[in-house]
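Below is one structure; the comments refer to it alone.
Quick note: the coordinates plus some simple rules give every number you see, no bench work behind them. All of these numbers come straight from a predicted model, not from anything done at the bench. With ideal geometry, Cβ positions are generated from the backbone for all residues, glycine too; neighbour counts draw on all protein chains shown.
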Amino acid sequence: MNAAILVSILMTVAAAATPLLLAALGELVVEKSGVLNLGVEGMMLIGAVTAFAVSVTTGSPALGAIASMVTAAAASGIFAALTLGLASNQVATGLALTIFGTGISALAGAPYVGITTTRLGPIFPDALADDPYWRLIFGHSPLVYIALLMTLAVWWFLKHSRSGLILRAVGESDDAAHSIGYPVLKVRALAILFGGAMAGLAGSFYSLVVTPMWAERLTAGRGWIAIALVVFASWRPGRLAAGAYLFGAVITLELQAKAAGLSALAPEFMSSLPYLATIAVLVMISAGRRSIKNAAPACLGKPFRASA
Amino acid sequence: MFLTSRRRMIAGALSLAAASALAMPASAQEAFSKPKDQVKAAFVYVGPVGDYGYSFAHDQGRKYLEEKLGDKVKTTFVENVAEGPDTERVLRQLAQDGNDIIFSTSFGFMNPTVKVAKEFPNVAFDHATGYKKNDTNMGIYNSRFYQGRAVLGTIAAMMSKTGKAGYVASFPIPEVVMGIDAFTLAARKVNPDFQVQVVWVNSWYDPAKEADATKALLDQGADVITQHTDSPAPLQVAEERGAVAFGQAWDMSSFAPNAHMTAIVDHWGPYYVEEVQALLDGKWAPRDIWGGMKEDILEMAPFNPKMPDDVKAAAQKVIDETKAGTYEIFTGPIKDQNGELKVKDGEKIPDGDLLKLDWYVEGVKS
């Protein structure tokens, strides 16, 4: 295997990891505020179809990516209104959001089936972006860099900013946060909107970068992997990025091994590897001193009603 | 039983008749031998109609049916039906909703269709690409996709510089194995050393994974990509990387104007019209249809103008001879992956064996 192939493989890993990382970062912030939103897949689809439609209409994929954040955040606003305003069950509402997103994206996307758009390609000059080696650093879609920068930003926000600490307080003990005067519902609403925007951006990665097209269920269940990644990373942004890239690597290497004719094992077994890896890591984390139970925000999934 | 009035007696008799009709349905022959004014037809798809591939092609067939028969047919469809227990639920629901005929369009729907067909003897069932039927109310239909694969294989071997094609495949079922074998046999007629590397993505439809598999195959030295999955994703990657590729189930050239050489186009419409017309006429009976290019169930999309003339001519020759019946790709001598002679010189693999094909020909790496 020569270096150019290795570069190509690593590029594929980054492309596989980026949408997972984007969506999972959003969900991480949502969960840190004490809300479980299982609607990631639906919001990703809404983002994907918006990004594609706007990109086709305006000819600008960048505008498409921005629009994807707006509509997906709007969809998460419905979730926020139901779970926060009406204290509905978060699991059921999140699942409903996924079903809603799948349906509405198929409906809205019907006129866009069978056409293609400009890829949201590299931003650096071609000399760097197309170089067989330098493209490893300069040849990615801007969303790849944004995902990594957002990891840093989310880490700093949760760890060092005042607002981040308030958000974590709300997620750990909503009653205590409420009693000292923090607006629990408002904080959670903002977190949910952020999660929606990130899921939308993740969706746009599929319809603008991986395969510049729209087709129903384009994301094919990646939203669920993003949710699993949050648990996998025990709610830490750094681990999340590592997890997303690890996951991307497992998916890519599985296919590379098959393409190289190396796979001696049944294809079904190879395809189950990413999931087996997830279970193995989860077991390892749970068995450790700091178990998942302790890492999870204490109020995760509990509706908040202000006591009088 | 004391019946006090004539009206109640009539009502009782009617309900008795209704009950017996439910318990002991009139014989299937009778249900299908009465001419009808309108037929309700239902379609069950494994993917979304917007996949622009396999399910899309079936849905084009449904639209063709509506267009041809107008008011005489009313159609419905259910998309994204998982292969397994969910299939039964959907089929049963459609049968209970009063559909006269149900087309279940994916291989994995076979056993559920057999089961539900038994429960509803008055409903006609047609199952695509499987091998189980019955004599009363379940027919099967299929397309000789492999004839198209042979055309693709011919083009692939003539246009490849590396002598290696990448095959993005879904599941190792006979239909897919048949396609891989036909593609490889045709390619090796042109270039006896041609290699076909298969990557299984274990899904009919997962654009991101299909794209990643294509990238992997191109990284590993393939310069022609063909697929037996349903999204245009592999084509887009091939376009980006300057490789040669083919559409699946439908003309996908809009996704890859340079890479797309041709496509196997599924043309189910005329068959659907035949089946529904037979019901309207009261002449329906389960059939076993396995048509190909000759029967117009299968067509090739127009060749890419960029394709060299000698390749066009060779591909057209395969098409013409297939239609004439003189080009049969599964004619011996055929060796398997290990170099063992499986089919003797001049012998043909019979249809029954093709439908259960589970071995790869020489040149396939999977």
Can you tell me how segment B:100-230 classifies by the Cα gyration tensor, rounded, prolate or oblate, using a/c under 1.5 as the rounded cut?
prolate
When the helices in chain A are scored as -39500 (n - 2.57) per DSSP H run of 4 or longer and the sum is shared across all residues, what 222 nm value do you end up with, to the nearest 500 deg cm²/dmol?
-23000 deg cm²/dmol
Could you give the nm distance between label points at A:Leu149 and B:Ser33, where each point is 7 Å from its Cα heading toward the beta carbon?
7.7
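About its Cα centre, what dipole magnitude does the protein assembly as shown give when the only charges are +1 on Lys and Arg Cβ and -1 on Asp and Glu Cβ, stated in debye to the nearest 20? Intermediate results must be reported in sequence, preceding the final value.
Numbers: 57 positive and 61 negative charges, 443 e Å.
Rounded to the nearest 20 debye, it is 2120 debye.
State to the nearest 20 debye the size of the charge dipole of segment B:181-309 about its Cα centre, where the only charges are +1 on K and R beta carbons and -1 on D and E beta carbons.
Numbers: 9 positive and 20 negative charges, 49 e Å.
Dipole about the Cα centre, nearest 20: 240 debye.
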Among A:Trp235, A:Ala280, B:Ala82, whose Cα sits farthest toward the positive end of the charge dipole of the protein assembly as shown (+1 at Cβ of Lys/Arg, -1 at Cβ of Asp/Glu, about the Cα centre)?
A:Trp235
What dipole magnitude, in Debye to the nearest 20, does segment A:3-295 give about its Cα centre under +1 on Lys/Arg Cβ and -1 on Asp/Glu Cβ?
640
Compute the FRET efficiency between A:Ala176 and B:Lys63 as 1/(1 + (r/R0)^6), taking r as their Cβ-Cβ distance and R0 = 60 Å, and round to the nearest 0.05.
0.50
Under 5 Å between amide H atoms, partner at least 5 residues away or on a different chain: which partners does B:Lys335 have, H built in plane at 1.01 Å?
B:Lys342, B:Glu362
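Counting Lys and Arg as +1 and Asp and Glu as -1, what is the net charge of the other residues whose Cβ lies under 13 Å from the Cβ of B:Trp359? Display every interim value, and only then the final one.
Numbers: positive: B:Lys335, B:Lys342, B:Lys356; negative: B:Asp181, B:Asp336, B:Glu340, B:Asp353, B:Asp358, B:Glu362.
Here the charged neighbours net out to -3.
Just to verify a number: FRET efficiency for A:Ala74 and A:Ala306, C-beta to C-beta distance, R0 = 25 Å, to 0.05?
After rounding to 0.05, the efficiency reads 0.45.
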Can you list residues whose amide H is under 5 Å from A:Trp214's amide H, if they're 5+ apart or on another chain and H is modeled 1.01 Å from N?
A:Gly114, A:Ile115
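Peptides B:32-45, B:235-248: what's the order by average Cβ count within 10 Å, highest mean first?
On the way: B:32-45: 18.4, B:235-248: 24.6.
Output ranking for B:32-45, B:235-248: B:235-248, B:32-45.
Between A:Ser163 and A:Ala92, what length in nm is gained on full extension when 0.36 nm per residue of separation is reduced by their alpha carbon distance? Don't skip to the end; give the middle numbers.
Values: separation 71, 0.36 × 71 = 25.56 nm, distance 2.87 nm.
Here the answer is 22.7 nm.
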Can you spot the lysines whose alpha carbon is less than 26 Å from B:Lys317's alpha carbon? Ignore those fewer than 8 places along the same chain.
B:Lys161, B:Lys164, B:Lys189, B:Lys294, B:Lys306, B:Lys335, B:Lys344, B:Lys348
Under the Karplus curve 6.51 cos²θ - 1.76 cosθ + 1.60, θ = phi - 60°, whole-Hz ³J(HN,Hα) for segment A:14-25, x wherever Gly or Pro sits
4, 5, 6, 7, 4, x, 4, 5, 4, 5, 5, 4
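Per-residue mean of other chain beta-carbon atoms within 10 angstrom of the beta-carbon, peptide A:247-259? Write out the running numbers ahead of the final one.
Numbers: counts 0, 1, 0, 0, 4, 5, 1, 7, 15, 8, 3, 12, 18.
The shielding value for this peptide is 6.
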In whole Å, what is the distance between the alpha-carbon centres of segment A:212-229 and segment B:185-210?
25
List the trypsin sites (Lys or Arg not before Pro) in segment A:109-180 that DSSP assigns to loop (not H, G, I, E or B) and whose Cβ has at most 16 other Cβ atoms within 10 Å. Which are they?
A:Arg119
Ranked from highest to lowest mean number of other Cβ atoms within 10 Å per residue, what is the order of the peptides B:152-164, B:344-356, B:61-73?
B:152-164, B:61-73, B:344-356
Based on the Kirkwood radius over alpha-carbon pairs, what value in µm²/s does the Stokes-Einstein equation return for the translational diffusion coefficient of chain A at 10 °C and 1.306 mPa s?
80
Applying 1/(1 + (r/R0)^6) with R0 = 25 Å to the Cβ-Cβ distance of A:Ala3 and A:Ser60, what FRET efficiency is obtained, to the nearest 0.05?
0.10
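What full-extension length gain, to one decimal in nm, is calculated for B:Asn202 and B:Lys335 as 0.36 nm per residue of separation minus the Cα-Cα distance? Could the numbers behind the result be given before it?
Details: separation 133, 0.36 × 133 = 47.88 nm, distance 2.65 nm.
Gain on extension, B:Asn202 to B:Lys335, equals 45.2 nm.
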What's the angle, to the nearest 10 degrees (0 to 90), between helix A:267-287's Cα axis and the longest principal axis of chain A?
40
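Find how much the distance from B:Asp296 to B:Gln93 grows on full extension, using 0.36 nm per residue of separation minus their present alpha carbon separation; answer in nm with one decimal. Intermediate results must be reported in sequence, preceding the final value.
Working: separation 203, 0.36 × 203 = 73.08 nm, distance 3.24 nm.
The span from B:Asp296 to B:Gln93 would gain 69.8 nm if fully extended.
Grab the DSSP H runs of chain B that are 4 residues or longer, score each as -39,500 (n - 2.57), total them, divide by all residues and round the 222 nm result to the nearest 500 deg cm²/dmol. Before the final figure, lay out each step's value.
Values: 12 runs with 148 residues, N = 366.
Only helices count here, giving -12500 deg cm²/dmol.
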HN-Hα J couplings of segment A:87-96 from phi, Karplus 6.51/-1.76/1.60, θ = phi - 60°, integer Hz, Gly and Pro as x?
6, 6, 5, 5, 5, 5, 5, x, 4, 4
Which of rounded, prolate, oblate describes the protein assembly as shown, given a ≥ b ≥ c as roots of the alpha-carbon gyration tensor eigenvalues and a/c under 1.5 marking rounded, otherwise prolate only if a/b is larger than b/c?
oblate
For A:105-115, B:96-106, A:123-133, B:197-207, ranked highest to lowest by mean beta-carbon neighbours within 10 Å, the order is B:197-207, B:96-106, A:105-115, A:123-133
In order over segment B:288-295: 3J(HN,Hα) from phi, Karplus 6.51/-1.76/1.60, θ = phi - 60°, whole Hz, x for each Gly or Pro, gives 10, 10, 9, x, x, 5, 4, 8
Per-residue average of Cβ from other chains inside 10 Å of B:129-138:
0
Sequence-distant residues sharing a close amide H with B:Phe77 (under 5 Å, placed H):
B:Phe43
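Taking 8 Å as the Cα distance limit and 6 or more residues as the minimum spacing, I'd like the relative contact order of chain A as a percentage.
Details: 546 pairs, mean separation 110.7, N = 308.
Result for chain A is 36 percent.
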Among A:Leu262, A:Leu246, A:Ala153, the residue whose Cα sits farthest towards the positive end of the charge dipole of chain A, when +1 is placed on the Cβ of each Lys and Arg and -1 on the Cβ of each Asp and Glu, is A:Ala153
Tilt of helix B:269-280 relative to the longest C-alpha principal axis of chain B, in degrees (0 to 90, nearest 10)?
20
